[in-house]
Amino acid sequence: LVRSFKQVAVDRTSAKRRSFALDELVAETLLTMAPGFKRSEHVIENAVPPGIRFDSYPGPLGQMLGNLISNAIKFTETGWVRIEGRVVQCDAAAAVLEFTVADSGIGIPEDRRHRLFQPFSQLDSPTTRQYGGTGLGLSISKRLVELMGGELALDSVLGQGSTFYFTLTLDAVD
């Protein structure tokens, strides 16, 4: 499964490399999440600065962000979800980006975090029944981040929320 997943990811991304603006990609991703916003009491903060352009694979990047934002919305009945993207290092050829999706949701117990990135794994049965889902979003996001040469991690406080963050190196566009 991992081998075939990797090949599919590489095939899909290689055909869709293009120049894109980071803020526009985040805005498009948020637009696909609009039905979830309407059913909730969320304050959504998009703190991605405008005008930063890259030459890379916006499809997988949008999917990673979409999975993380979807989870943040799902596990935050009321409160806030914040999306940030920032350049942490840059030269003429490439930039290292850090993306953060944070929420004020239910949080994740430390003793269960190791299961989050495994396919079809969820925290526990009551959580699955209450919030639904397949347990694939985070494992797919982690794999895509790794295929693009980055890392995905999280910080969380039970009852106070979670912060998922990942770094990627993307080709810069003048």
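Do you know which residues across segment 52-95 are touching a helix residue (DSSP H, G or I) at 6+ places or on another chain (Cβ under 6 Å) and basic (Lys, Arg)?
Lys74
Residues checked against (1) touching an Asp or Glu at 6+ places or on another chain (Cβ under 9 Å); (2) open to solvent by 60 Å² or more (accessible area, probe 1.4 Å); (3) in a helix (DSSP H, G or I); (4) at pLDDT below 60:
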site	(1), (2), (3), (4)
Pro119	no, yes, no, no
Gln122	no, no, no, yes
Thr128	no, no, yes, yes
Thr134	no, yes, no, yes
Ser141	no, no, yes, no
Leu154	no, no, no, no
Ser162	yes, no, no, no
Tyr165	yes, yes, no, no
Leu168	yes, no, no, no
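Which ones in segment 79-113 are of a type in the set (Lys, Arg) and in contact (Cβ under 8 Å) with a residue 40 or more places away in the chain?
Selection gives Arg113 alone.
Pick from segment 1-23 the residues that are in contact with a strand residue (DSSP E or B) (Cβ under 9 Å, 6 or more places away or on another chain) and more than 19 Å from Ser141 (Cβ to Cβ): which of them is modelled with the lowest pLDDT?
Arg17
Among the residues of segment 77-94, is there at least one that is open to solvent by less than 30 Å² (accessible area, probe 1.4 Å), more than 20 Å from Glu24 (Cα to Cα) and modelled with pLDDT under 90?
yes
Please tell me if Pro49 is exposed (fewer than 15 other Cβ atoms within 10 Å of the Cβ) and in contact with a helix residue (DSSP H, G or I) (Cβ under 7 Å, 6 or more places away or on another chain).
When the stated conditions are applied, Pro49 passes them.
Taking segment 95-114 as the search range and keeping residues that are at pLDDT below 90 and in a loop (DSSP other than H, G, I, E, B), which one is surrounded by the fewest Cβ atoms within 10 Å (Cβ to Cβ)?
Taking the candidates together, the pick is Pro109.
List the residue pairs whose Cβ atoms are under 7 Å apart, where the first residue sits in segment 8-24 and is farther than 19 Å from Ala172 by Cα and open to solvent by 80 Å² or more (accessible area, probe 1.4 Å), the second is at pLDDT 50 or above and not acidic (Asp, Glu), and the two are 6 or more positions apart or on different chains.
If the second residue must be at pLDDT 50 or above and not acidic (Asp, Glu), the pairs left are Arg12/Gly59.
The values are calculated or read from the model by the stated rules, or taken from the named source; none is laboratory data. Predicted, not measured: the structure shown is a model, and the values here were computed from it. Reconstructed Cβ throughout: ideal geometry from the backbone, glycine too, with neighbour counts over all protein chains shown. Note: accessible area is taken over every heavy atom of the protein model, side chains too, but ligands, DNA and RNA are not part of it. Shrake-Rupley method; radii C 1.70, N 1.55, O 1.52, S 1.80 Å.
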